[in-house]
Structures are given as C-alpha cells and as structure tokens.
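Following: one structure in structure tokens, then a few remarks.
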Amino acid sequence: MSVRPVVLGYLRTPDGATDDVLAWLQRELADYAEREGFCLAAVFVERTGAGSAALTAVMDALKRREAQAVLLPALEHLSPSPASRQALRHLIERETGAQVLIMYPSPRE
C-alpha cells in the first residue's frame, strides 16, 4: 500500500454563507483530495471579517512539514483582491516549499 501525500484544506467563507454551504465546500475538498490521491488531514476555515488566523495556522503547519500542499476550492479563497491572491500564493509556496493546489482554477491562474 502506498502512502498518499498529505494536504491541508483552506477556505474563506463567502459573505452570507450558511453552514450548509460551508459543509458542502468541505465535502468538495475531501472528494477532490480522494479522487486525486491525497490524504486530506484537516480543513482550516477563515470566517469573513475574522482576520487571518486560519491562514496563519496553515502556514505554520506547512512550515512544520505536516503536509506537502494546501488545497483551495478556488484562488479567490485566499483574498478578495486579485493582486493579493497571487502575492499570498507565492508567499505560501516560497515560505513553506509547499504547493498551492486549486480545485477550480480560473483561466487567468
């Protein structure tokens, strides 16, 4: 039996998202990880307007080599600002050596 690469999930709840939407997004992450041969260790959830504690926790875990990548539904989950999204993606990859995996990339990514 081969060992599956470990990934962490990260998502930022959209404005007005219900618990059902949050649960659906988490299932989507888990299903994608399973299909692609990853082991999803945890999903970190950033509540809109609540700062960036979950992203900081993801970065810390990646720096400790607890996972090889972070999985997001879309790059928009990093930030509402397009410029900030790319900057954060590069920061994560540079600072941790981990990949940023996007389930639903836009054509511009």
Just to confirm a number: summing +1 for Lys and Arg and -1 for Asp and Glu over residues other than V70 whose beta-carbon lies under 14 angstrom from that of V70, what do you get? +1
Can you compute the FRET efficiency between T48 and E95 using 1/(1 + (r/R0)^6), with r the Cβ-Cβ distance and R0 = 30 Å? Round to the nearest 0.05. 0.80
Using Cα centres only, tell me the gap between the stretch 75-90 and the stretch 1-74 in whole Å. 15
So how far apart, in nm, are the two label points at W24 and T56 if each is 7 Å from Cα heading toward Cβ? 3.2
Per DSSP H run of n ≥ 4, the term is -39500 (n - 2.57); total these for the chain, divide by its residue number, and report the mean residue ellipticity at 222 nm rounded to 500 deg cm²/dmol. -13000 deg cm²/dmol
Determine the sum of side-chain charges near A53: Lys and Arg each +1, Asp and Glu each -1, restricted to other residues whose C-beta is under 14 angstrom from that of A53. 0
For the chain: relative contact order, % (alpha-carbon pairs under 8 angstrom, 6 or more apart): 31
Report the local net charge at E95: Lys and Arg +1, Asp and Glu -1, summed over other residues whose C-beta lies under 14 Å from its C-beta. +3
Cβ crowding within 10 Å averaged over residues, with 16-24, 89-97 ranked highest first: 89-97, 16-24
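The numbers here are math on the coordinates, done by the rules we state, and not lab data. In this text, all values refer to a predicted model and were calculated from it rather than measured experimentally. Backbone-built Cβ (ideal geometry, glycine too); neighbour counts: all protein chains shown.
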